[in-house]
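Below is one structure, written out as structure tokens, with a few remarks after it.
Derivation of every value follows stated rules applied to the coordinates shown; laboratory data play no part. Note that the coordinates shown come from a computational prediction; the quantities given were computed from them, not determined experimentally. Backbone-built Cβ (ideal geometry, glycine too); neighbour counts: all protein chains shown.
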Amino acid sequence: MPRKIISTKKAPAALGPYSQAVHIAPGRLMFTAGQVPLDPRTGEVVGDSIEDQTRQVLENLKAIVEAAGVTMEQVIKTTVFMNDLNDFTRMNIIYESYFGAQPPARSTVEVARLPKDVMVEIEAVVQVPEQ
């Protein structure tokens, strides 16, 4: 099954040997790499609060989703990795503003450490219409 690499300069470049996202064609699913709160222009971590970092992560994810020609409404599953679940409620407020009344399915887990010692990382599975 052919696959298409999705890449955009509106999201941070990969920090290692992986793609921002992979769309399985002619399938209807795209899988993103975990996004961390990096400014795509500078490569620097954005924000020192869970709210600021979550917002940047979701902006990066949104840029990748849009590079595939779809919107955040097509996100069907996310996995949120947090370094402190005490920040869960505050993260949720920002998360909800990106997904609204019909959010995707989600798993949230606390992890010991994330790349660049950030507070949050989010990956997604996205429904992409056949082209």
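So here's what we get for this one:
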quantity	calculated
Cα-based helix-to-principal-axis angle, 50-67 vs the chain, degrees rounded to 10	10 degrees
Cα-centre dipole for the chain with unit charges at Cβ (Lys and Arg positive, Asp and Glu negative), debye to 20	560 debye
Dipole of the chain, positive direction: furthest Cα of MET119, SER49, GLY100, with charges on the beta-carbon	GLY100
Loop-exposed GluC sites (Glu not before Pro) per DSSP, neighbour cap 13 Cβ within 10 angstrom, longest uninterrupted part of the chain	45-129
Percent of C-alpha pairs per 10 Å bin, segment 61-128, short to long	20, 50, 27, 2
Degrees, to the nearest 10: 88-99 long Cα axis against longest axis of the chain	30 degrees
Segment 38-95 - Debye-derived log10 I(q)/I(0), Cα point model, q = 0.28 Å⁻¹	-1.22
Relative pair counts by distance (%), Cα atoms of segment 23-70, 5 Å bins	5, 20, 26, 20, 13, 9, 5, 2, 0
Projected-area mean, the chain, by convex hull of Cα positions, square nanometres	7.7 nm²
